[in-house]
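These notes are about the structure you will find just below.
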Amino acid sequence: MGAQLRVYKRRIRSVTATKKITKAMEMIAASRVVKAQRKVAASTPYAQELTRAVTAVGTGSNTKHPLTTETENPTRAAVLLLTSDRGLAGAFNSNAIKAAEQLTARLEREGRQVDTYIVGRRGVAHYNFRERAIAQSWSGFTDEPTYADAKKVAAPLIEAIEKDTAEGGVDELHIVFTEFVSMMTQTALDARLLPLRLEEVAEEAKPQGEILPLFDFEPSAEDVLDALLPRYVESRIYNALLQSAASKHAATRRAMKSATDNAGELINTLSRLANAARQAEITQEISEIVGGASALADATAGSDR
Amino acid sequence: MAAELHVELVAADRQVWSGEATLVVARTTSGDIGVMPGHQPLLGVLESGPVTIRTSDGGTVVAAVHGGFVSFADNKLSLLAEIAELSDEIDVQRTERELEQAKAEGDAAAERRADVRLRAATAR
């Protein structure tokens, strides 16, 4: 076998191996998307009931709470950025990070100091590399977040918003995550989580204009709101974590699918080249044999005389 | 037919139980509360404790609930819990081990959680 042909064969083998790996990763990601979607669906009843309850307290009483009161001129804001622990997901992480950076720039233009909280190793690495300050970060659960993880993330954020701004607290909490629209579309978006706009929550809870009854609060409206709002924030963060996980798996699936397709194409091109090389080799061998034979014939014809 | 109310017991990550019931007893921060059909609209904070649901076919469902809310309106009762387990989902032996461990470590919250689980499991 000629040297050129051997090189082609070797490359085909290595690309085939890579293709098998990306194909496997694609299928794993596909099954994980389905699982993650199911988790999003399973968490919906809780989120819905919670939203209803928040609306009930918000509209049924005039209670003031630090989580719902707007500050006159906010000076500090917290941004929670949800990324993934692992890459190989196309533009998933860079889109989320870009959205967070745009939001940060906007908030800073409006004269707010921004504290960044990050979930996921990718986001942390991005910020560390650029030597930007991170208030707090979490990682290790982005593939399959549980409610306990959401609680862990929410706790310091709620604490920060309840503290006075002068003592290092924040006035606003924004969240940047990747919304799972469909298998093919995931969009990075930012939303203001706190202070809560009760009217918006109310609109979300009863689009058909249903009238909520007058509730009896046990023990009191203040206490209920006190207990309810942190749970609401936790549930929103949980939902964002789940959507982000589903989006990440969908992005991985897509990235791995195009990697597999590209590998297949490369294998095709390489086999054509290898075929051409083999054919050239054969042609050369034949012409060598023919040339050799005719040279021999010429020589014997000459010695006959 | 006796009056019924619709119950939804949901945990943060799943729906635990839903169905018709005639009486639901839950523990709020200001004491046990029993809800029967036609109760006044109510919104309360739950403590960790067992929730007893008397179903309309005469059975009883017991669940261990840790933190959350109870809301009742229009004959619909929602029990929202961060963690909720039905009594037959609870592994008694494991919970006993957890209880002992919590006692040994002096972790009051964990001890209480395990205790509630055990009580719910034995009330079956």
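Test of understanding: express the Cα radius of gyration of region B:5-87 as a ratio to 2.2 N^0.38 Å, with N the residue count.
It is 0.94.
In nm, to one decimal, how far is the modelled label at residue A:298 from the one at residue A:91, with both set 7 Å along Cα→Cβ?
6.5
Given 0.36 nm per residue, what is the gain on full extension from residue A:71 to residue A:265 after removing their alpha carbon distance, in nm?
Length gained between residue A:71 and residue A:265: 64.0 nm.
Within the set of other residues whose C-beta is less than 12 Å from the C-beta of residue B:94, count the net charge using Lys and Arg as +1 and Asp and Glu as -1.
-4
At 0.36 nm per residue, and after removing the present C-alpha to C-alpha distance, how many nm does the segment from residue A:290 to residue A:35 gain when stretched out fully?
Values: separation 255, 0.36 × 255 = 91.80 nm, distance 6.64 nm.
Extending this stretch completely gives an extra 85.2 nm.
From the phi of every residue in region B:62-67, what ³J(HN,Hα) in whole Hz does the Karplus formula 6.51 cos²θ - 1.76 cosθ + 1.60 yield, where θ is phi - 60° and glycine or proline is x?
Values per residue, Gly and Pro as x: 10, 9, 8, 10, 10, x Hz.
Would you mind giving the three semi-axes, in whole Å and largest first, of the ellipsoid equivalent to the protein assembly as shown according to its Cα gyration tensor?
62, 28, 19
Over the Cα atoms of region A:28-256, what is the Rg over Rh ratio if Rh follows Kirkwood? Display every interim value, and only then the final one.
Values: Rg = 17.9 Å, Rh = 18.3 Å.
Ratio of gyration radius to Kirkwood radius: 0.98.
Return the FRET efficiency for the residue pair residue A:14, residue A:166: r is the Cβ-Cβ distance, R0 is 45 Å, and the value is rounded to the nearest 0.05.
According to the calculation, E is roughly 0.15.
Collect residues whose amide H, placed 1.01 Å from N in the peptide plane, falls under 5 Å from the amide H of residue B:4; neighbours closer than 5 in sequence don't count.
none
Given the rule -39500 (n - 2.57) for each run of at least 4 DSSP H residues, summed and divided by the residues of chain B, what is its mean residue ellipticity at 222 nm, to the nearest 500 deg cm²/dmol?
Working: 2 runs with 29 residues, N = 124.
The helix contribution divided over chain B gives -7500 deg cm²/dmol.
So if I place +1 on the C-beta of Lys and Arg and -1 on the C-beta of Asp and Glu, and nothing else carries charge, what would the dipole magnitude of region B:5-87 be about its Cα centre? I want it in debye, nearest 20.
Here the size comes out at about 100 debye.
Would you work out which of A:230, A:66, A:46 lies farthest towards the positive end of the dipole of chain A? Charges go on Cβ: Lys and Arg +1, Asp and Glu -1.
A:46
Of A:152/B:76; A:152/A:248; A:9/A:248; A:23/A:152; A:152/A:257; A:39/A:248, which ones are farther than 25 Å apart at the Cα?
A:152/B:76; A:9/A:248; A:23/A:152; A:152/A:257
Please give the residues of region B:53-83, grouped as numeric ranges, whose backbone N is less than 12 Å from a label point set 7 Å along the Cα-to-Cβ vector of residue B:3.
Hits in region B:53-83 for residue B:3 at 12 Å: B:74-76.
Put a dot 7 Å past each Cα toward the Cβ at residue A:159 and residue B:109; how far apart are the dots in nm?
1.1
Gaussian network model of chain A, Cα springs within a sub-10 Å range: biggest mean-square fluctuation belongs to which of A:67, A:50, A:270?
Maximum fluctuation in the GNM of chain A, among the listed residues, is at A:270.
None of the figures in this text is laboratory data; all of them are computed from the coordinates on show. Model, not experiment: these values are computed from the prediction. FYI the Cβ positions are ideal-geometry reconstructions off the backbone, even for glycines, and counts take in every protein chain you see.
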